[in-house]
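Peer 1: I have a structure I would like to understand better, so I am pasting it below and will then ask my questions one at a time.
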Ligand code: SF4
């Protein structure tokens with residue numbers, strides 16, 4: 001029996017969406033009122049659909065709420081042009097907190113924008129052909145796709161398909177254009193606006209967010225099994241023959257609530273390329289029609305799959321898409337992560353992968369990544385790709401420009417050799433404090449220093465060259481996909497973390513809770529114990545996550561295939 005059957009009371013958000021399908025709220029009125037520094041609680045919910053989170057600086061709460069806004073872009077496949085990158089760089093400097101934050105869905109986030117600059121920020125982004133609509137909210141979020149142009153000649157084709165599917169799944173409300181681009185209220189006396197119902201999402205939109213992704217095996221750089229739906233490229237002789245469709249993955253959970261859990265997507269079946277859009281829309285529609293609208297913590301497609309099963313889901317998708325899915329074709333993932341440093345593309349140009357610690361592009365003492373990237377983009381206008389590991393790639397650099405790009409970055413303290421430990425290069429933290437209102441513990445501000453101590457511990461244990469995939473989040477919503485990491489710290493309370501172990505290199509296996517409520521000061525001693533056991537008990541070449549999966553629990557962890 002589902003939650004909806006037990007308690008049919010719909011959430012407050014459902015009433016908002018149904019009552020105002022244009023998602024207009026009173027956003028325009030509040031924007032026009034200089035006496036107000038924040039929006040109403042209902043508009044807080046509508047703003048998300050426009051790509052905006054109303055936040056407050058949690059470091060300053062003792063002195064009262066200091067409202068700031070986070071604006072998130074939407075770049076399907078993480079791809080943007082050099083001029084678009086420069087527009088983002090300028091906005092972060094003029095209106096934001098002087099940093100650009102790469103997200104795990106290949107977007108940029110601008111943090112610290114005050115209300116008076118909110119509309120101009122979004123308008124300027126749109127003038128650079130960058131949208132923010134549906135970057136947040138109960139709709140399809142950014143469609144992710146492999147960013148690395150060297151891995152397969154199919155990358156460009158898949159990127160184009162990611163853009164096409166992103167457009168097909170975008171909400172159609174006229175409110176976004178009116179509010180942010182024209183700066184006027186939506187005329188609700190116009191019957192087209194008064195009676196507006198979104199063609200895909202209907203009057204109710206989705207019960208919660210939805211995430212779609214593409215991936216090209218054997219590189220699982222997109223973490224495909226963590227998405228609501230995903231398309232695994234199947235190629236023969238370098239030619240795309242179709243996709244394996246997966247559905248029902250997701251990371252978020254709530255502490256102490258067994259009804260919520262991270263889940264790997266199920267492999268549903270194979271489809272030829274011409275049915276891609278129909279299947280993508282069918283997956284969204286199943287979530288729309290069967291997701292739990294009574295409990296937002298239980299409102300993801302993964303719970304529909306968990307409760308009704310993959311056979312039921314396949315039949316629903318087939319009926320809606322008007323096709324019969326074939327049995328899934330064989331595929332294999334061997335690793336995750338990005339190609340860093342210089343690499344030759346399939347078209348003869350080069351791309352440069354740069355590690356961005358926790359996705360934060362900024363200038364620091366002796367390490368001026370933001371200025372260095374700006375100078376390179378001004379001079380050479382490379383393409384830019386953001387990765388789901390929160391790194392950046394500069395693509396389509398001509399062979400004759402390579403050395404100059406290297407030199408400009410070097411002048412700003414940035415080495416194209418990415419001289420960090422393998423473990424640091426494989427690590428990620430979410431923003432959490434001070435901007436995220438959901439954060440229970442520090443994350444981005446805590447991980448760099450913790451990693452320094454972990455690097456010291458690894459050296460002490462004779463493991464300095466090993467790679468450990470480490471992720472930290474401030475809460476169990478799991479924005480950096482912590483439940484796939486070999487080692488994860490998930491915020492439980494200020495200064496306390498849930499400690500997870502056992503993910504794998506191919507990112508096809510969930511880890512498991514190892515210790516609860518570990519204080520910050522106890523993280524290294526806990527790690528020391530388990531890493532010492534690993535160093536003594538591993539088999540030849542065995543990774544830490546694989547050792548954990550087989551040695552730590554009586555019931556070993558199993559991977560999706
Ligand atoms: Fe905020 Fe939690 Fe996401 Fe971190 S994981 S950014 S704390 S919602």
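Peer 1: For the range 127-217, report the translational diffusion coefficient in µm²/s to the nearest whole number, using Stokes-Einstein at 10 °C, 1.306 mPa s, and a Kirkwood Rh over Cα pairs. Mind dumping the intermediate values first?
Peer 2: Working: Rh = 15.2 Å.
Value of D from the Cα-based Kirkwood radius: 105 µm²/s.
Peer 1: Computed on alpha carbon atoms, what radius of gyration and Dmax characterise the range 424-552, expressed in Å?
Peer 2: Using the Cα atoms of the range 424-552, the pair Rg, Dmax is 13.6, 44 Å.
Peer 1: Please tell me the relative contact order of the range 424-552 in percent, rounded to the nearest whole number, where contacts are Cα pairs under 8 Å and at least six residues apart.
Peer 2: Answer for the range 424-552 is 21 percent.
Peer 1: Of the peptides 31-41, 486-496, 61-71, how do they stack up when ordered by the mean number of other Cβ atoms within 10 Å, highest first?
Peer 2: Top of the packing list down: 486-496, 61-71, 31-41.
Peer 1: Shifting gears a bit: Based on the Cα gyration tensor of the range 119-171, what are the three equivalent ellipsoid semi-axes, each the root of five times an eigenvalue, rounded to whole Å and given largest first?
Peer 2: Semi-axes (√(5λ), whole Å): 25, 14, 9.
Peer 1: Then there is this: For labels at residue 526 and residue 35 in the simple 7 Å Cα→Cβ model, what's the distance in nm?
Peer 2: About 5.1 nm, to one decimal.
Peer 1: Fewest to most neighbouring Cβ within 10 Å: what's the order for 166, 254, 507?
Peer 2: Placing the least packed residue first, the sequence is 254, 166, 507.
Peer 1: Nearest 0.05, what FRET efficiency do residue 156 and residue 453 give at R0 = 41 Å with Cβ-Cβ as r?
Peer 2: Efficiency for this residue pair is about 0.45.
Peer 1: As a check on your grasp of the helix formula, calculate [θ] at 222 nm for the chain: sum -39500 (n - 2.57) over DSSP H runs of n ≥ 4, divide by the residue count, round to the nearest 500.
Peer 2: That calculation yields -8500 deg cm²/dmol at 222 nm.
Peer 1: The range 270-324 to the range 341-374: how many Å between their Cα centroids?
Peer 2: Answer, in whole Å: 38.
Peer 1: Rank-order 132-143, 403-414 by packing density, defined as the average count of other C-beta atoms within 10 Å over each peptide's residues, highest first. Let's see the in-between values first.
Peer 2: On the way: 132-143: 26.0, 403-414: 16.2.
Going from most to least packed, we get 132-143, 403-414.
Peer 1: How long are the semi-axes of the equivalent ellipsoid of the chain, defined as square roots of 5 times the Cα gyration tensor eigenvalues? Whole Å, largest first.
Peer 2: Listed largest to smallest, the semi-axes of the chain are 33, 29, 26 Å.
Peer 1: Grab the beta carbon distance between residue 319 and residue 365, set R0 = 41 Å, and tell me the FRET efficiency rounded to 0.05.
Peer 2: Numbers: r = 59 Å, r/R0 = 1.45.
The value I calculate is 0.10.
Peer 1: Do you know the relative contact order of the chain, to the nearest whole percent, from alpha carbon pairs under 8 angstrom that are 6+ apart?
Peer 2: 13
Peer 1: Per the Kirkwood treatment, what hydrodynamic radius in Å, one decimal, follows for the range 359-465 from the mean inverse distance over all distinct Cα pairs?
Peer 2: Computed over Cα pairs of the range 359-465, the Kirkwood hydrodynamic radius comes out at 15.9 Å.
Peer 1: Which FRET efficiency value, to the nearest 0.05, do you get for residue 344 and residue 116 by plugging their Cβ-Cβ distance into 1/(1 + (r/R0)^6) with R0 = 41 Å?
Peer 2: Computed FRET efficiency for residue 344 and residue 116 comes out at 0.30.
Peer 1: Pop a pseudo-label 7 angstrom from the Cα along the beta-carbon direction at both residue 550 and residue 44 and give the gap in nm to one decimal.
Peer 2: According to this spin-label approximation, the distance is 4.9 nm.
Peer 1: Once you place label points 7 Å from the Cα toward the Cβ at residue 123 and residue 334, how far apart are they in nm?
Peer 2: With each label placed 7 Å out from Cα toward Cβ, I get 5.2 nm.
Any read-out appearing in this document is the output of simple, stated calculations on the displayed coordinates, not a laboratory observation. Because the structure is predicted, anything quoted here is derived from the model rather than measured. Every residue, glycine as well, gets a Cβ built from its backbone with ideal geometry; the counts of neighbours run over all protein chains shown.
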